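The values are calculated or read from the model by the stated rules, or taken from the named source; none is laboratory data. On a predicted model such as this, the values are computed, not experimentally measured, just so you know. Glycine also receives a Cβ, built like all others from the backbone with ideal geometry; neighbour counts cover every protein chain displayed. For accessibility, only protein heavy atoms count, side chains too; no ligands or nucleic acids. Shrake-Rupley method; radii C 1.70, N 1.55, O 1.52, S 1.80 Å.
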Amino acid sequence: MLPLFFLLQQFEVAEGSKEFTQASLIIILALMYTMLSILPGTIYINEKKNGKILRIITIILICIPTTLAIFSIFIRPIPNMIINMTMNLSGISDSRIHEFYIDKKTHSHTMFNSALWSTRYYQDIPNRFFITGVNIFTLGDIKLICPARIIAPRKASLKITPDNTNEYDRKIKQLKAIAMQCVPLNKNDIYTWDSPISDPIYY
């Protein structure tokens, strides 16, 4: 029930859709999920009577990715949901907005459009400039920093809209357009600074 509840939270319908259509889509989604979820348990109960434990484990391990693959055909955001959840749990990705500072010797403030990044500096800290962004991806020495405006399109791309197949493509296209403004940086060149400082001077 918990995975189903999470799935339904990501469910949305196209604007102007009738209530009957909305209810029907939710019921169909719930029935599909329930049927496919019961399948591994059914196999386990049937095979346990024959005492073939190794076969049970093998079939169940095959059923899980197969079930996800079948769901992904009808619900295209599922792979993105799994990848996003895995990255968040492992600490590779962080969807929170942070303040960062960069040394002027390593990068120029002109790399960061002030309208997107709130690029600024402080009189008391003349050798650094500050930006506001999201640490979308961190792996090894590389950090992918994106403008804060990427959060809404990123969340929208994980929404399920089964009554409008073109909506998912539109959301992904919008997300890619904003992701083009992200900047990959070495982790030694950018530092998180979430402590507030007064009187910023914007570029």
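Answer yes or no: is there a residue in the stretch 104-125 that is in a helix (DSSP H, G or I), modelled with pLDDT of 85 or more and β-branched (V, I, T).
Yes: the stretch 104-125 contains one or more residues that are in a helix (DSSP H, G or I), modelled with pLDDT of 85 or more and β-branched (V, I, T).
Search the stretch 157-189 for residues being among the small types (G, A, S) and open to solvent by 30 Å² or more (accessible area, probe 1.4 Å), and hand back the single one that is farthest from F112 (Cα to Cα).
A177
Restricting attention to the stretch 90-109, which residues are among the polar types (S, T, N, Q) and either within 16 Å of R149 (Cα to Cα) or touching a residue at least 24 places away in the same chain (Cβ under 8 Å) (or both)?
S93, S95, T106, listed by residue number.
Which residue is nearest to the chain's Cα centre (by Cα), if the candidates are limited to the stretch 63-79 and must be open to solvent by less than 50 Å² (accessible area, probe 1.4 Å) and either over 30 Å from S37 (Cβ atoms) or touching a residue at least 60 places away in the same chain (Cβ under 8 Å) (or both)?
My answer is P77.
Could you say which residue among F6, F20 is of a type in the set (F, W, Y), modelled with pLDDT under 80 and either assigned to a loop (DSSP other than H, G, I, E, B) or open to solvent by 90 Å² or more (accessible area, probe 1.4 Å) (or both)?
Being of a type in the set (F, W, Y), modelled with pLDDT under 80 and either assigned to a loop (DSSP other than H, G, I, E, B) or open to solvent by 90 Å² or more (accessible area, probe 1.4 Å) (or both) holds for just one of F6, F20, which is F20.
Residues to consider are M85, M111; find the one that is exposed (fewer than 14 other Cβ atoms within 10 Å of the Cβ), among the aliphatic types (A, V, I, L, M) and within 14 Å of the chain's Cα centre (by Cα).
Just one listed residue meets the conditions, M85.
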